[in-house]
Structure formats: structure tokens, C-alpha cells
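Structure, as C-alpha cells:
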Ligand code: SAM
């Protein structure tokens, strides 16, 4: 069955997204490896090293980061490792926030395997990216990340406004998301065939859940192009440099960044 949610309301979309991620939570990490043939790990590594967390410590305060739609922790754990190992800087704090308690529970469980010094720089928060709770104060964060999350939001402009609200002036918004392969027809053809045929089938075989993976593929299709999304970021008040984005693997994924002036 296709969800075809062009006709559904925002709250219906939210319920649907909640259902999808509750049912995929347990198989999520394994499925990412299957579906992307492991490439999501390289994209995430590149995303995190490009942000270089821990490179600066604002006046002895910990560098404060929020990983929105942080799910099972892939980005936050890499950020901690990068800061501790690459920059020898333990003075960072990351909040993993996600709307879905099942995804957060898997993240919490996985975090127990991290060194204790990483765990003390980590907290978890159940929150909707479109309406972050008041405890995330205005102008309080150095870095806001969202990885493979934003295409699931019902109201992307609202989430971008929230990102802008909670970042300090000079703070960075960074998004890793599936995008459009526009300049490589052959790669695009292979990728489309892979995503529309293989991914739902792998979802069926590995997770016994064809519909959820079908939804994930369709949500990629509906997400705006690199330029459209960049324009939304600018519209929310961020400054971008150059094109405002970087393509990964020919545009299968892209990184967008913006700075709060
Ligand atoms: N960031 C992780 C990663 O890169 O592997 C997880 C990405 S997962 C594909 C998408 C996540 O977005 C899910 O955990 C889902 O619960 C979360 N999500 C969907 N809508 C959300 C919203 N409105 N607010 C916060 N999180 C949301």
C-alpha cells in the first residue's frame, strides 16, 4: 500500500511518522546499513568532521549542541567521539532529541556502551522539532544538527524557525538529508531502481515491514531539491556561504549549513 499523504493533514502525517519509527526502531540501525550498503556511515562521518565539534570552547563553557531527530544516536555519538578523540576536548554537551520514545530508547541503550566520560556529556529529550520545549532557551546553542530527520517533519518552516530561535548568534544549523541526483542520469536511474524496488523488499525481508520502508522511500521523493531547501533555510533567517549546500554521492544526500547572524 502507498501512503500517498499529499492529501493528509499535518497531524495525520505526524501519527503516520510516529507509527513508522516505532515499528522500525529495533531494526533501524541494521536497516540503514542494508539500505545504503553502509554508505550512510561515510556520510555521517563526513558530516561530523565537517562540523569539527570540540574545535572551539566558548569561554570555558561547554560547547552546546542539539541533535534533533537524533533517533538512535548515530550523529551525537560521532560528535562526542570527534570532540574527545580528534580535538582532545571533553568540554561539550549534546542533547539528543526525538519525537519518538522508541527511537530514543534504542539510543539510550546504545549509549551505555560509550565511555563514561562521553555519557556525562549526553542527555536525551523527547521533543517535537517544530515546537521545542521552553527548556531549550532562545540563543542558547552553538550547534544544531538534524540528520535524515527533517524530511519527516510535517512543518519544515516551523522547525527551521525553532532552530533559529534556539541557536546563539554565530551558531550553526547543519542538516544531512537525502536529496536529488540531478546531474548524473545513470546514477539516478540506478538509485531510483534501488530505492523503489530493493528497499521495500529488504524492509520486508529484514524487518518484516514493507510499508514503513515504502514510506521512507516516498518521503525522499517528496523532499525539496537542494536549492529549494537552501532557500527555505535562508528564509528562516540563516546566512549561507556559497551554494549553501554540499552534495554527497552525486546528490543522493546533501549537507546544508546556515549560520544565525
Ligand atoms: N538522526 C538519526 C540518523 O541519522 O540515523 C535518525 C534519523 S531517522 C530516519 C528520523 C527520525 O526523525 C526518527 O527517529 C523520528 O522519530 C524523528 N522525527 C520525525 N518527526 C519528528 C519531529 N517532528 N520532531 C522530532 N523528531 C522527529
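Any read-out appearing in this document is the output of simple, stated calculations on the displayed coordinates, not a laboratory observation. Given the structure is predicted, the values throughout are model-derived calculations rather than measurements. Here Cβ is always computed from backbone atoms with ideal geometry, including for glycine, and neighbour counts include all displayed protein chains.
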Volume of the Cα convex hull of region 157-226, divided per residue and given in Å³: 123 Å³
Ratio Rg/Rh, restricted to region 1-103 and using Cα atoms, in which Rh is the Kirkwood radius: 1.07
Stokes-Einstein diffusion coefficient of region 68-193, Kirkwood radius over Cα pairs, 25 °C, 0.890 mPa s, in µm²/s: 155 µm²/s
Overall form of region 46-142 per C-alpha gyration tensor (a/c, 1.5; a/b vs b/c): oblate
Packing rank of 171-179, 112-120, where each peptide gets the mean count of other beta carbons within 10 Å, highest leading: 171-179, 112-120
At 0.890 mPa s and 25 °C, Stokes diffusion of the chain via Kirkwood alpha-carbon radius, µm² per second: 131 µm²/s
Ascending count of other beta-carbon atoms within 10 Å, so fewest first, for 260, 192: 192, 260
Cα-only radius of gyration and Dmax that characterise region 93-163, units Å: 12.9, 37
Burial ranking of peptide ranges 88-95, 210-217, 10-17, 182-189 (average Cβ count within 10 Å, highest at the top): 210-217, 88-95, 10-17, 182-189
Which of 256, 235 has the fewest Cβ neighbours within 10 Å, and the rest in rising order: 235, 256
Computed E for residue 204/residue 240 - FRET, C-beta separation, R0 41 angstrom, nearest 0.05: 0.55
Shape call, region 109-261: gyration tensor on alpha carbons, a/c limit 1.5: oblate
DSSP beta bridge pairing in the chain, given as percent antiparallel to the nearest 5: 40 percent
Cα-derived Rg over Rh, computed across region 189-235 with Rh taken as Kirkwood radius: 1.16
Potential extension, residue 194-residue 126 segment - 0.36 nm per residue separation minus Cα distance: 21.2 nm
